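Each remark here refers to the structure printed beneath this line.
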Amino acid sequence: MHRSPGLPGEGVADVFEAAPRRTVTSFPEEKETSVEQRTYFPETWLWDLLEISSSGVLSEQYTLPDTITEWVGKAVCVNSEKGLGISPRAAITTFTPFFVDLTLPPTIKRGEILPVKISVFNYLEQALPVKVVLEESHEYEIIEEPESQLPLGHRIACIPPQDKVVHIVKIRSRVLGDVNITIDAFVDELYPEVCGPEYVVSKRFNESCSICRHDDGSFSAFGNSDASGSTWLTAFVLKSFAQARQYVQIDEDDLEMSRGWLKLHQMENGCFQSVGKVFHKGMKGGIDGSGSPVPLTAYVLISLLEAGEVTSSRAVMEAAFCLDADTSKDPYTLALKAYSLSLSDSPKAEQAVQNLINVAEETTNSMHWELPAGSGKSQAVAVETAGYAVLAMMTVDAAKFELQARKIVKWISSQRNGQGGFISTQDTVVALQALASFEAHQKKEAVNLVITVEGEALEHAFFVDESNKLLQQQVNLPSLPSNVILDMEGEGCALVQTVLRYNVPDATASDAFSLSITTETSPDKKCITKKIKACASYLLPDQKSNMAVMEFNLISGYIPHKADLKQIVGYGTSLIKRYEVDGSKVMFYIDEFSPEDLCVEFRIIREIDVEDAKPGTIKVYDYYQPEFSISKSYVLPPPDECKITLVPIEAIAIEGDIIVEPEDGPTTPSSAVGDLVALLDEMP
């Protein structure tokens, strides 16, 4: 690729961006020529740093990605004498004359029949007789079409030049999880040129966390949509960045700005002021309704010290004074105090650890803390409390408190979920840090273990040694129910965990939320639009939830109306701060629920006609206390419920503020005329 001449410089960065489409391509070529699969579909491309000679000209050759799109980018040159130069925008279009595009929903439910929509494009100058084959697989069943004379999964059509043909093949999945679909598209043997591409469909989902920075160095969950940064979230980000800087590049000036912002909000008594929205109730200081600032102060102090604040600084000493004045017996507060004082080298740190041990629930093999009932007190906070306890013990005197720490580690491990985390994001972060700290203080001894598992129709041995001790091994139980017997021989320590997963038609709801759902038809010309409305409220006595999520699992074949989603969130100034679309799920992040109903309503559009479609679900849950959740199923009105009976305008008499339809029809306010006109204008 040739670059336009620019300023002589030390480097050039080329940036091209595009929104690619998922496509399959088949080029008509000679019969015996193999076809290279198109698999490279980046969203951005060409981030290169290159040195330019004194001529100011650079010529490079690149292979374009497989995406069919227009790439747009520019070159940026930097020179120590001439300064900065930016080229005009340049564009290049990637194109192929013959390709296949699949229209698929991101997910379907078990038992549903999925129509695989296969669009074959022909941008050549002559017609092509193209055969499309959806290959058979053990992962799905191809539904036979009674009228078709072709083999199962085969379609054929003559595609005119500069045109396309759409084929539909119906399948029913036989397996759960990702399903691979292979499509072959080629010119029929009557045509001399043949090709045969293969396309594998495998959906992947990912989750992203949006934590936005303000200009003053503070952070809030929804960035500029929030009036100010959050004390708690700024401390959380500072702590996280400080821990990550040995692995990734972190701007120290940014860390210093965040430290400075936190210090600006330290009050005269040494406690830190709670500014902005605090999503984690345990940090709100809601200890028996006292509104104590101690938990938040301890958390901010931990973040400052882990980010490099010296223990002799004024901020640290004044924060320690705030903590010393507290007399709370709440285990969560005691754990935060113990760890923060141990990091600050306080002479009272060891006594703080002992105070925490005094209120623990201890058995022969475990130690943990039972939290008092109330706002913000959940199993997630119990895990977090145990994690801070281990961190405090390891910091104060690891040898002295090793026995108690080992018991706590056993209890924390028993709370681990099937994915390796714990209950929520926050407690998982603390628990993993505690486990790592405990491991760092243990002697490094050789591991050589044989763990035998016996159950119904199962006998299996796991071998764990130095070569594979960090590798997770697993075996499935072939039948349930089953009694399982474990036996271990050798030297070392290993964690054995059983995981049982199952589905229930309707999960038992907690008493924290109420939820109601209504659906209706939203009339349109193509009869493909429905509307969902969900209303939820918070029912517990404290009257305000943590940050919560309302999650819509759409019925297969439907997609959300993006304009509606944007309108719901607006500028982020309401309680509904943000939305995400992840496959068939639409999630709304909500500041808090109260006893008053909060409703979300938006349109959904039927993109694919899925047969035997199963009901959708809507779930409301507390982000930091996920056991506070409620979930309900919903169905949509019949697909064909969209016909509108229009009355000729000349047949309507308007009397005052009332529209009177002939033959004793219903009456409506005259303002409905505008609504009717607006509705008609919206129709395609």
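So how strong a dipole does the range 76-152 carry about its Cα centre when Lys and Arg Cβ are +1 and Asp and Glu Cβ are -1, to the nearest 20 debye? Don't skip to the end; give the middle numbers.
Values: 6 positive and 11 negative charges, 129 e Å.
Around 620 debye, computed over the range 76-152.
Applying a 10 Å radius around every beta-carbon, put 441-452, 349-360 in order of their mean neighbour count, most first. Display every interim value, and only then the final one.
Numbers: 441-452: 12.0, 349-360: 17.5.
Result, highest mean Cβ count within 10 Å first: 349-360, 441-452.
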Q | Amide H contacts of residue 275 (H built 1.01 Å from N, under 5 Å, at least 5 apart or other chain) | A | 231, 232
Q: Using the structure shown, select from 117/164; 562/632; 525/585; 170/562; 526/566 the pairs with a Cα to Cα distance greater than 21 angstrom.
A: 562/632; 525/585; 170/562; 526/566
Q: Please turn the phi angles of the range 513-520 into ³J(HN,Hα) values with the Karplus equation 6.51 cos²θ - 1.76 cosθ + 1.60 (θ = phi - 60°), one per residue in order, whole Hz, x for glycine and proline.
A: 10, 10, 8, 10, 9, 10, 10, 7
Q: Return the long-range amide H neighbours of residue 182 (sequence gap of 5 or more, or a different chain), with a cut-off of under 5 Å between placed amide H atoms.
A: 135
Q) Measuring from label point to label point, each 7 Å out along Cα→Cβ, what is the residue 559 to residue 313 span in nm? A) 4.9 nm
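Kindly rank 504-512, 586-594 from highest to lowest mean number of other beta carbons found within 10 Å of each residue. If you can, show how the numbers build up before the last one.
On the way: 504-512: 11.7, 586-594: 20.3.
Peptide ranking by packing, descending: 586-594, 504-512.
Which of rounded, prolate, oblate describes the range 208-273, given a ≥ b ≥ c as roots of the alpha-carbon gyration tensor eigenvalues and a/c under 1.5 marking rounded, otherwise prolate only if a/b is larger than b/c? Mind showing how you got there, number by number?
Numbers: a/c = 1.97, a/b = 1.23, b/c = 1.60.
Verdict is oblate for the range 208-273.
Given the peptides 256-262, 338-344, arrange them by the average over their residues of other C-beta atoms within 10 Å, most packed first. Present the calculation step by step, with values, prior to reporting the outcome.
Values: 256-262: 20.0, 338-344: 26.9.
Highest-to-lowest ranking by the protection proxy: 338-344, 256-262.
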Q) Short version: ³J(HN,Hα) in whole Hz for each residue of the range 308-324, in order, from phi by Karplus 6.51 cos²θ - 1.76 cosθ + 1.60 (θ = phi - 60°), x for Gly and Pro, what are they? A) x, 5, 6, 5, 8, 6, 5, 4, 5, 5, 6, 5, 4, 5, 4, 5, 4
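All of the numbers you see were taken from the coordinates with simple rules; none came from a lab. Just so we're clear, the structure is a prediction, and the values are computed from it rather than from any experiment. FYI the Cβ positions are ideal-geometry reconstructions off the backbone, even for glycines, and counts take in every protein chain you see.
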